[in-house]
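Novice: Here it is, the structure in full.
Read-outs: derived from the displayed coordinates by stated rules, not from any lab. Keep in mind that this is a model prediction, so the values were computed, not measured. FYI the Cβ positions are ideal-geometry reconstructions off the backbone, even for glycines, and counts take in every protein chain you see.
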Amino acid sequence: MEVSVAGVAKTEWIWMDGEFVRWEDATVHVLTHTLHYGYGIFEGIRAYQRSDGGTSVFRLDDHLARLVDSAHIMQLEMPYSRDEIRAATLEMVGRNKLSSCYIRHLVYIGQGTMGIYPGDDPVVKVAITSWPWGAYLGEEGLAHGVRCKISSFSRPTPTATMTKAKVVGNYVNSILAKREALSLGFDEALLMDIHGNVAEGSGENLFMVRNGVVITPPLNSVLEGVTRRTIMELAEMKGHQVVERTFTRDEVYIADELFMTGTAAEVTPIREVDHRLIAGGEPGPITRDLQATFFAVVAGEVPEKRHWLVDVPTPTSESVPTAVREPASA
């Protein structure tokens, strides 16, 4: 498969504003408002190949619910219904003939008013892309754990921005933290909140295991991750006690186990933080068990969680797709 200069595997089709367009034609104007100011929202989802050979999108409806919530929080008037976005997502994965992939939804303000204020009635546009994407933090990290650095950058606060929405501009903070960690030889950053508690990674939720208890920061300090919720439910299903509470940097250092979750990161163990080994430098038993259970779920091997999987229909035609709706004016 052809790989673009951005390192993303090129696929054939991208859905933009109600129609499928060729990868190379999925462009925006340089005066697109969100490009300048970051006022937009996005969602990341994965589709997996099941053990029976079919393809399913994992927790599609939960992700789309969060997309709609993010739009509401940011006062972005979605030009398409959730059902339209859902249908377009499933059709695109099928059209691109992807057995497993990452899916990105982007809701942004198009060309129009140039200035901080986007205008009283901005043109809101929607794009959906998909491409093959392996382990976000590497196969080695997925298997044996990653090395993390507590960042000098703090997580944004609810008084500074909208922290419960996946806002495009919020991730500048994550970029700074990630760049700092990589420049110092680590794989990922962990960010603290303004109270000095360790909150999350640059794009992941965080879990700690101590004395057999699975612990994760409460929602007042982190984004409500869909994979985070999944792991909490799976941990309870496996008989583990799950607690939401804050914890400090030094408690992280003495954790029995540590791991991160996210659509991109899936379930990635952490083997070291600030040059301090966690659990001897290898993933612990609870981490490995939850990771294995997660991958069994997305493969369709856990019947009681099969409802989390939305199957991708097999395309019935090889013809060029027709528009779902006429594209919105720029």
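Novice: Just the C-alpha atoms of the stretch 1-92: what Rg/Rh do they give, with Rh taken as the Kirkwood radius? Could the numbers behind the result be given before it?
Specialist: Values: Rg = 15.1 Å, Rh = 15.4 Å.
In the stretch 1-92, Rg relative to Rh is 0.98.
Novice: Using amide H atoms built 1.01 Å from N in the peptide plane, name the residues 5+ places from GLY40, or on other chains, whose amide H lies under 5 Å from its own.
Specialist: Result for GLY40 returns VAL168, GLY169.
Novice: Over the alpha-carbon set of the stretch 153-254, divide Rg by the Kirkwood Rh and report the Rg/Rh ratio to two decimals. Intermediate values should be presented prior to the final figure.
Specialist: On the way: Rg = 13.9 Å, Rh = 14.3 Å.
Rg divided by Rh gives 0.97.
Novice: With the contact rule set at Cα under 8 Å and sequence spacing of 6 or more, what percent relative contact order holds for the stretch 13-133? Intermediate values should be presented prior to the final figure.
Specialist: Details: 199 pairs, mean separation 44.0, N = 121.
That works out to 36 percent.
Novice: Now for a different question. Got the relative contact order for the stretch 139-302 handy, in percent, Cα pairs under 8 Å and 6 or more residues apart? Mind showing how you got there, number by number?
Specialist: Numbers: 302 pairs, mean separation 41.3, N = 164.
For the stretch 139-302, the relative contact order is 25 percent.
Novice: What are the principal axis extents of the Cα atoms in the stretch 209-307, in Å, biggest first?
Specialist: 39, 30, 26
Novice: I'd like the Karplus ³J(HN,Hα) series for the stretch 208-225: coefficients 6.51, -1.76, 1.60, θ = phi - 60°, whole numbers in Hz, and an x wherever there's a Gly or Pro.
Specialist: 10, 10, 9, 6, x, 9, 8, 10, 9, x, x, 6, 6, 10, 9, 6, 7, x
Novice: Looking at ILE231, PRO79, MET16, which one has the Cα that reaches farthest to the positive end of the dipole of the chain (charges on Cβ: Lys, Arg +1; Asp, Glu -1)?
Specialist: Most positive-ward Cα: ILE231.
Novice: Additional query: Over the chain, what relative contact order in percent results from Cα pairs under 8 Å that are six or more residues apart?
Specialist: Values: 651 pairs, mean separation 73.5, N = 330.
It rounds to 22 percent for the chain.
Novice: Efficiency by 1/(1 + (r/R0)^6): what FRET value for ASP25 and LYS97, r their Cβ-Cβ distance, R0 = 22 Å, to the nearest 0.05? Provide the component values of the computation, followed by the final result.
Specialist: Values: r = 19 Å, r/R0 = 0.86.
Rounded to the nearest 0.05, the efficiency is 0.70.
Novice: Ordered by residue, what ³J(HN,Hα) values in Hz, to whole numbers, does the stretch 11-16 give under the Karplus form 6.51 cos²θ - 1.76 cosθ + 1.60, where θ = phi - 60° and Gly and Pro are x?
Specialist: 10, 7, 10, 10, 8, 9
Novice: Of the GluC sites (Glu not before Pro) in the stretch 53-120, which ones lie in a loop per DSSP and count no more than 15 other C-beta atoms within 10 Å? All intermediate terms of the calculation are to be shown ahead of the outcome.
Specialist: On the way: sites: GLU77, GLU84, GLU91; in loops: GLU77.
Those satisfying the criteria are GLU77.
Novice: When the Debye formula is applied to the Cα atoms of the chain, each taken as the same point scatterer, what base-10 log of I(q)/I(0) results at q = 0.11, 0.13 Å⁻¹?
Specialist: One equal scatterer on each Cα of the chain leads to -0.74, -1.03.
Novice: Among ARG155, ARG46, ARG86, rank each residue by its count of other Cβ atoms within 10 Å, from fewest to most, as a rough exposure measure. If you can, show how the numbers build up before the last one.
Specialist: On the way: ARG155 25, ARG46 22, ARG86 17.
Placing the least packed residue first, the sequence is ARG86, ARG46, ARG155.
Novice: Report, in deg cm²/dmol and to the nearest 500, the calculated mean residue ellipticity at 222 nm for the chain, where each DSSP H run with n ≥ 4 adds -39500 (n - 2.57) and the sum is divided by the residue count. Intermediate results must be reported in sequence, preceding the final value.
Specialist: On the way: 8 runs with 83 residues, N = 330.
Rounded to the nearest 500, it is -7500 deg cm²/dmol.
Novice: Can you tell me the FRET efficiency between ASP121 and HIS72 if r is taken as the Cβ-Cβ distance and R0 is 22 Å, rounded to the nearest 0.05? Please list the in-between numbers first.
Specialist: Numbers: r = 17 Å, r/R0 = 0.77.
Efficiency for this residue pair is about 0.85.
Novice: List the aspartates and glutamates whose Cα sits under 13 Å from the Cα of LYS178, skipping any in the same chain fewer than 8 residues away.
Specialist: Output for LYS178: ASP187, GLU188, GLU200, GLU204.
Novice: Then there's this: Could you compute how fast the stretch 97-175 diffuses translationally, taking Rh as the Kirkwood radius over C-alpha pairs and applying Stokes-Einstein at 37 °C with viscosity 0.692 mPa s? Give it in µm² per second. Please list the in-between numbers first.
Specialist: On the way: Rh = 16.5 Å.
For these conditions, the coefficient is 199 µm²/s.
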